[in-house]
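Student: Once you've had a glance at the structure underneath, I'll fire off some questions.
The values are calculated or read from the model by the stated rules, or taken from the named source; none is laboratory data. Everything numeric here is computed off the predicted structure, so don't read it as measured data. Cβ sites come from the backbone with ideal geometry, for glycine too, and all protein chains shown count toward neighbours. Areas reflect the complete protein model, heavy atoms only, side chains present, ligands, DNA and RNA absent. Shrake-Rupley method; radii C 1.70, N 1.55, O 1.52, S 1.80 Å.
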Amino acid sequence: MCGIFGIFTARKLPPRDATERALQRIAHRGPDSLGLAYRPEHGLALGHARLSILDLDPRSNQPFTGPDCQLVFNGEIFNFRELRRELEALGVRFSTGSDTEVIARGFRQHGTAFFERLRGMYALALWDEREQCLHLARDEFGIKPLCMLERDGTLVFASEVKPIAALHTLAPEPDVLVDLLQWGFPMQDRSFYAGVHFLPPGTQRTYGRTDGGALRQQSRILWKKDQAWLKPVAEPDAASLRATIEASVSDHMIADVPVAAALSGGLDSSIVTAAAKAHVPDLHAYTFTLATDGDPEVEHATLLSRKLGLTHHLAQLDHGSVVEWLRAVAWHLEEPIANVNALPGFALAAAVRASGCKVVLVGEGSDELFGGYPWYRLALTPEAAADPGRVFDAYRNRRAQRTLLACLRPQLQHLAEQRMQATRDEYVRRAHAMPDPLAAFQAFDLDTQLQHSQLLRVDRMFMAHGVEARVPFLYRSVLQASAALPVARKLLPPEGPGRREKVALGEAFAGALPERIALRPKFGAAGTVDLWSTWLGPGLTTAFDRCLHSAELADARARLEPFVDWSAIARTPLAAKERFMIAMLLEASDALLANRDRPDAMPSLPMRMRSPGSGEGLR
């Protein structure tokens, strides 16, 4: 896991010192080494910030020069050993033990067709010396980000927006702004910063130069997630589903440094942790809490830790400066999404790194694959199959944030209506191509809230502290297994005994987990803690008031004045999530549009680390 950055231009590269400063903006992603290939003769710069996890030798530093190519790569290829053996059988020789070299030499042997063989989480940029072109590629789930801006004959790309902001003046993108205020996250592969977009998941894009000196591009799909439903595998029974997930976790354990687990005590993280324990006898698990007592997540995480014999670390934070915390989170998150879980995620990552750990397994993706969200029940109504538009309308009524739209300027309110209709039309189009309404809903969530909110949060918050977060549920084999399950093995009517959502998942791991965890609901008294009800809630209200009134953020408010009526925001009663959305919008605008330096990594947050039940601090 690392950070990548690059420039490809039909004109002239920025000066080397400006290019180096841009690369420095993502140094937090890879604190182990920083490398830059500056090649003005090709109009090319490739930069890399390395977090050393596989083959720790400096020979695997990047940019990596292979036969007829140069490569920067962020992520992990979990089947790289299998691919390496295949290449060695063809006579290919290797000088490192890294997955990076496997990509470079596989490309030399098979060209870009080799990208289709990669299984893992990745974003890469590979310069082809023979064809004088640049290939970009990204994993099919979009686990690893790749931001891009093409302007005036020059392409700038990076793992984060900050290097782009260091080279170009950015402005808000109205389409994405209204998506953020309606949904809390973008509904497309575009950034809040105008002109910046994300390479779509599962896509390869090749850039070259025309005879006239302009850039040309060509894209192709490496693999599309919808294929899991449109070309289904055989339905797995409980044993084979468990074996598929355990095999994915096994693949995700590949590392030359220790691998730990983020354990919330819910079903998803408990499954991942239990499967990982089979490979690491002394597995370390990390749990975060804002509560002083009575946190069901801590109780369930402790229960599993005792059953499995884990080394369990509890990071507890019961006071601190929410204003400074929010500011640091917004700088790293960049996209002002209304996902309050970014705050505890940022703190958990800090605790993991402080203990010396670089790699952690997380449980994200399970809800989207196995039917874990309550709104999925909207797809089970009698009219869902006949009229997917009604399903979308019900989803919008449940999840969309209406109050903030009334605080937009009139032209933005009209744009918001257009964007909502465009999103509805796209949902209906895809729903007609899917085998059932629930599949349509899941595919929609995979491409929207999972990618643009959950995965963005995971990547940015862990990489803020130089920690690689791996997502075993988001593996092609697991998606294919989940897509083959009938609706009744995902969701049951809410009334009744036992687990009513993610049914097959609970059945598959019933024997591996304590019954209290296997049957634990996602929401409710025994479910996920309501963060707004903790001491964080009043702190976020204070942060919101500061964002709305302080002179420190006057410039940020002025940049958004053409779009947002701040006097309407001040007099309108807003829900907690809406106040958080506005605070994130202003903090992110101040950080990125003004190209601010990084705030303190973990300001004024006095976390305590202890082992639950022991009462003793952990170093």
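Student: For segment 113-143, which residues satisfy the criterion of being surrounded by fewer than 17 Cβ atoms within 10 Å (Cβ to Cβ) and either in contact (Cβ under 8 Å) with a residue 40 or more places away in the chain or in contact with a Pro (Cβ under 8 Å, 6 or more places away or on another chain) (or both)?
Tutor: The answer is Glu116, Glu129, Arg130, Glu131, Gln132.
Student: Moving on. Go through segment 65-98 and count every residue that is more than 22 Å from Asp251 (Cα to Cα) and under 25 Å from the mean Cα position of the chain (by Cα).
Tutor: The qualifying residues number 2.
Student: Write out, first by first residue and then by second, each pair whose Cβ atoms fall under 6 Å of each other, whose residues are 6+ apart or on separate chains, and whose first residue, in segment 89-104, is surrounded by fewer than 24 Cβ atoms within 10 Å (Cβ to Cβ) while the second is part of a helix (DSSP H, G or I).
Tutor: Note: pairs meeting the criteria are Val92/Arg105; Phe94/Glu101; Thr96/Arg59; Thr96/Ser60.
Student: In addition: Give Thr96, Thr100 a once-over and let me know the one that is at pLDDT 95 or above, assigned to a loop (DSSP other than H, G, I, E, B) and either hydroxyl-bearing (Ser, Thr, Tyr) or out of contact with any His (no Cβ under 6 Å at 6 or more places or on another chain) (or both).
Tutor: Thr96
Student: Let me ask you something else. Exactly one of (1) closer than 24 Å to Arg190 by Cβ; (2) assigned to a helix (DSSP H, G or I); (3) of a type in the set (A, V, I, L, M) is unmet by Leu474. Its number?
Tutor: Going through the list (1) closer than 24 Å to Arg190 by Cβ; (2) assigned to a helix (DSSP H, G or I); (3) of a type in the set (A, V, I, L, M), Leu474 breaks only (2).
Student: Can we say Ala243 is in contact (Cβ under 8 Å) with a residue 24 or more places away in the chain and either farther than 12 Å from Val360 by Cα or open to solvent by less than 30 Å² (accessible area, probe 1.4 Å) (or both)? Please lay out each step first, then the result.
Tutor: Numbers: in contact (Cβ under 8 Å) with a residue 24 or more places away in the chain: no; either farther than 12 Å from Val360 by Cα or open to solvent by less than 30 Å² (accessible area, probe 1.4 Å) (or both): yes.
So Ala243 does not fit the description; no.
Student: Would you say Ala385 is open to solvent by 50 Å² or more (accessible area, probe 1.4 Å), more than 30 Å from Ala255 (Cα to Cα), in contact with a helix residue (DSSP H, G or I) (Cβ under 6 Å, 6 or more places away or on another chain) and of a type in the set (A, V, I, L, M)?
Tutor: yes
Student: Looking at segment 207-214, is at least one residue among the aliphatic types (A, V, I, L, M), free of Cβ contacts under 8 Å to residues at least 60 places away in the same chain and either crowded, with 17+ Cβ neighbours inside 10 Å or part of a loop (DSSP other than H, G, I, E, B) (or both)?
Tutor: Checked segment 207-214: no residue is among the aliphatic types (A, V, I, L, M), free of Cβ contacts under 8 Å to residues at least 60 places away in the same chain and either crowded, with 17+ Cβ neighbours inside 10 Å or part of a loop (DSSP other than H, G, I, E, B) (or both).
Student: In addition: Check Gly91, Gly43, Gly35, Gly66 and return the single one that is over 29 Å from Leu479 (Cβ atoms), modelled with pLDDT under 95 and of a type in the set (Gly, Ala, Ser). Please lay out each step first, then the result.
Tutor: On the way: Gly91 fails: modelled with pLDDT under 95; Gly43 fails: modelled with pLDDT under 95; Gly35 fails: modelled with pLDDT under 95.
After ruling out the rest, the residue left standing is Gly66.
Student: Just to be sure I understand, how many residues within segment 42-82 are of a type in the set (Lys, Arg) and under 30 Å from Pro15 (Cβ atoms)?
Tutor: Counting residues in segment 42-82 that are of a type in the set (Lys, Arg) and under 30 Å from Pro15 (Cβ atoms) gives 2.
Student: Could you count how many residues in segment 448-477 are farther than 22 Å from Ala347 by Cβ, surrounded by 23 or more Cβ atoms within 10 Å (Cβ to Cβ) and out of contact with any Phe, Trp or Tyr (no Cβ under 9 Å at 6 or more places or on another chain)?
Tutor: Qualifying residue count for the region: 1.
Student: Take the residues of segment 596-619 that are open to solvent by 60 Å² or more (accessible area, probe 1.4 Å) and modelled with pLDDT of 80 or more: which is farthest from Pro336 (Cα to Cα)?
Tutor: Looking at residues that are open to solvent by 60 Å² or more (accessible area, probe 1.4 Å) and modelled with pLDDT of 80 or more, I get Arg610.
Student: Quick one: in segment 280-314, which of the residues that are of a type in the set (A, V, I, L, M) and either assigned to a helix (DSSP H, G or I) or within 22 Å of the chain's Cα centre (by Cα) (or both) is surrounded by the fewest Cβ atoms within 10 Å (Cβ to Cβ)?
Tutor: Leu303
Student: Can you name the condition, by its number, that Gln217 falls short on among (1) open to solvent by less than 50 Å² (accessible area, probe 1.4 Å); (2) in a strand (DSSP E or B)?
Tutor: Unmet condition: (1).
Student: Would it be correct to say that Ala568 is among the hydrophobic types (A, V, I, L, M, F, W, C) and either within 29 Å of Ala349 (Cβ to Cβ) or modelled with pLDDT under 90 (or both)?
Tutor: It is false that Ala568 is among the hydrophobic types (A, V, I, L, M, F, W, C) and either within 29 Å of Ala349 (Cβ to Cβ) or modelled with pLDDT under 90 (or both).
Student: Can you find a residue that is of a type in the set (S, T, N, Q) and either open to solvent by less than 10 Å² (accessible area, probe 1.4 Å) or under 19 Å from Leu126 (Cα atoms) (or both) anywhere in segment 158-179?
Tutor: Yes, segment 158-179 contains a residue that is of a type in the set (S, T, N, Q) and either open to solvent by less than 10 Å² (accessible area, probe 1.4 Å) or under 19 Å from Leu126 (Cα atoms) (or both).
Student: Looking at (1) on the phi < 0 side of the Ramachandran plot; (2) open to solvent by 30 Å² or more (accessible area, probe 1.4 Å); (3) not aliphatic (A, V, I, L, M), which one does Gln401 not meet, given that it meets all the others?
Tutor: It is condition (2) that Gln401 fails.
Student: Criterion first (small (Gly, Ala, Ser) and open to solvent by 30 Å² or more (accessible area, probe 1.4 Å)) does Ala349 satisfy it?
Tutor: Answer is no for this residue.
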